[in-house]
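Asks: Before I ask anything, let me first share the structure, which is written out below as structure tokens.
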Amino acid sequence: MSTQLPLTDESLPAYLQGLDLVGPGNRIRVERAGDGNINWVRRARLGRGRSVIVKQARPALERFPEYEVTTERIVFEARYLEYTRRWDEEGLLPQVLAFDEEQRVLVLEDVEPATRLDQALAGGSDPAAALERVARFLGRVHRETMARDTALAPSFANDAMRRLHGDHIFLLPYEEVFPTPPRTAARAEQLRAGGELAAIAHEAYDRYLEPRGALLHADVQPTNLLLTAQGVTLLDAEIAHVGEPAFDVGTLLAHLMLPAAARGQPAHALPLLGRVWSAYAVAHGETGLPSLPQVLRLAGLEMIRRTIGAARVELVRADASGLRVLETGTDWAREPERAAALLQQPDAQPSPPSGGSAP
């Protein structure tokens with residue numbers, strides 16, 4: 001890649017005109033879009049109700065500049081959108097309007113007005129139909145790419161982002177202490193001292209790093225899912241790689257369980273999780289389908305890292321909610337078969353939380 005010219009709010013209008021996305025003389029209004037954790041992201045309003053989303057990958061992550069990761073991550077994102085579109089029967093993927101590989105810039109259609117899935121879940125809405133569409137898309141992509149994993153892996157050798165993401169899920173929550181409320185911190189220390197969860201996470205990390213399985217989006221979390229009048233849009237495939245298909249589904253199910261677990265009502269989420277899992281399993285088919293316990297173990301590890309890791313979610317800000325999520329995640333990571341039995345029998349009630357007892 002030649003020397004990168006970082007875009008700014010001031011230079012973006014001229015850049016878009018250079019891509020012939022808007023004619024000269026049009027007034028373009030630039031504003032921030034989304035959280036911009038990884039890339040520089042802006043919404044450009046082009047007039048007459050038109051707008052686009054512009055992403056530029058830079059060596060330092062936008063929100064966490066202490067991490068420097070190859071800008072090739074946006075190449076893999078563009079490649080994922082191009083490659084998986086053939087299975088996007090329900091229109092989940094945003095349209096790519098331009099891709100400047102040299103400057104690491106991706107221009108996408110804007111799907112506003114839209115609501116992030118985490119906001120919809122917090123507001124008590126029922127996004128089940130949209131989530132089933134996501135699950136079916138993942139199932140089709142996983143099914144169709146499993147037979148091609150050896151050929152696809154070199155085209156998605158996204159190792160820098162894969163390892164950065166994996167470290168934050170499978171290693172750091174068990175090796176480092178992150179700021180948490182006092183009772184959550186004490187419980188986390190108990191779990192670290194026991195060593196059992198770290199061993200489970202290390203074993204899962206070994207599987208996660210294997211470049212075989214299926215083509216993964218690898219970050220199917222609520223902040224990357226936008227609910228619109230047309231349905232749902234799946235964003236931000238910067239971590240796309242070939243790997244264990246259970247990881248995509250486990251991440252999604254973890255975040256669907258989080259709000260209910262935080263309220264101390266995990267059983268309330270089971271019907272939704274059951275619908276999403278069923279939609280995925282039917283679209284995938286039996287051949288090569290990951291086992292539900294395998295999926296739920298990964299979901300448990302995701303809930304743990306969202307409680308005591310670096311990327312804590314707002315739902316676990318208080319000790320009470322954090323401890324509830326931590327116990328649910330711990331139970332799923334330790335006993336995924338029991339969690340699977342509960343999910344397959346939605347009327348079954350889980351046992352009361354342990355209240356922070358030692359492992």
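Each reported figure results from applying straightforward, stated rules to the coordinates on display, with no laboratory input. Computed from a predicted model, the values in this text were never measured in an experiment. No Cβ is skipped: glycine too gets one built from the backbone with ideal geometry, and neighbour counts run over all protein chains shown.
Asks: Counting C-alpha atoms alone, how compact is region 127-201: give Rg to one decimal and Dmax as a whole number, in angstrom.
Replies: 18.2, 49
Asks: Between H202 and T3, what is the spin-label point distance in nm, taking each point 7 Å from the Cα along the Cα→C-beta axis?
Replies: It works out to 4.7 nm between the two label points.
Asks: Evaluate the Kirkwood expression for the hydrodynamic radius of region 58-120, namely the inverse of the mean inverse distance over all pairs of different C-alpha atoms, and round to one decimal in Å. Provide the component values of the computation, followed by the final result.
Replies: Working: mean 1/r = 0.0729 Å⁻¹.
It is 13.7 Å.
Asks: Right, another one. About its Cα centre, how strong a charge dipole does region 12-109 have in debye, to the nearest 20, once Lys and Arg get +1 and Asp and Glu get -1 at the Cβ?
Replies: Working: 16 positive and 16 negative charges, 115 e Å.
Dipole magnitude for region 12-109 comes out near 560 debye.
Asks: Arrange the peptides 88-96, 320-328, 35-43 so that the one whose residues have, on average, the most other Cβ atoms within 10 Å appears first. Don't jump to the answer; show the numbers that get you there.
Replies: On the way: 88-96: 16.2, 320-328: 23.8, 35-43: 17.8.
Averaged packing, sorted descending, gives the order 320-328, 35-43, 88-96.
Asks: Multiply the residue separation of E189 and D35 by 0.36 nm, subtract the distance between their alpha-carbon atoms, and state the gained length in nm to one decimal.
Replies: Values: separation 154, 0.36 × 154 = 55.44 nm, distance 3.05 nm.
Extra length from E189 to D35 when fully extended: 52.4 nm.
Asks: Within 10 Å of each residue's Cβ, count the other Cβ atoms and sort M257, M146 from fewest upward. Provide the component values of the computation, followed by the final result.
Replies: Details: M257 27, M146 19.
With the fewest neighbours first, M257, M146 line up as M146, M257.
Asks: Between P266, P245, V295, whose Cα lies farthest towards the positive end of the dipole of the chain when Lys and Arg beta carbons carry +1 and Asp and Glu beta carbons carry -1, centred on the Cα centre?
Replies: P266
Asks: I'd like the distance separating the alpha-carbon centroids of region 121-157 and region 171-227, in whole Å.
Replies: 20 Å
Asks: Compute the distribution of all C-alpha to C-alpha distances in the chain, in bins of 20 Å from 0, and list the percent of pairs in each, rounded to whole numbers.
Replies: Values per bin, smallest distances first: 30, 58, 12, 0.
Asks: Seen from all sides and averaged, what is the projected area of the convex hull of the Cα atoms in region 14-165, in nm²? Intermediate results must be reported in sequence, preceding the final value.
Replies: On the way: hull surface 43.8 nm².
Its average projected convex-hull area is 11.0 nm².
Asks: Quick check: pseudo-label points 7 Å beyond the Cα along Cα→Cβ at A229 and E90, how many nm apart are they?
Replies: Here the answer is 2.1 nm between the modelled labels.
Asks: Give the long-range amide H neighbours of W40: residues separated by 5 or more places, or on another chain, with amide H under 5 Å away, using H modelled in the peptide plane at 1.01 Å from N.
Replies: For W40, the qualifying residues are Q56, R58.
Asks: Continuing with this model, one more query. Using a Gaussian network for the chain with springs between C-alpha atoms less than 10 Å apart, which of these wobbles most: P245, P113, P59?
Replies: Maximum among the listed residues: P113.
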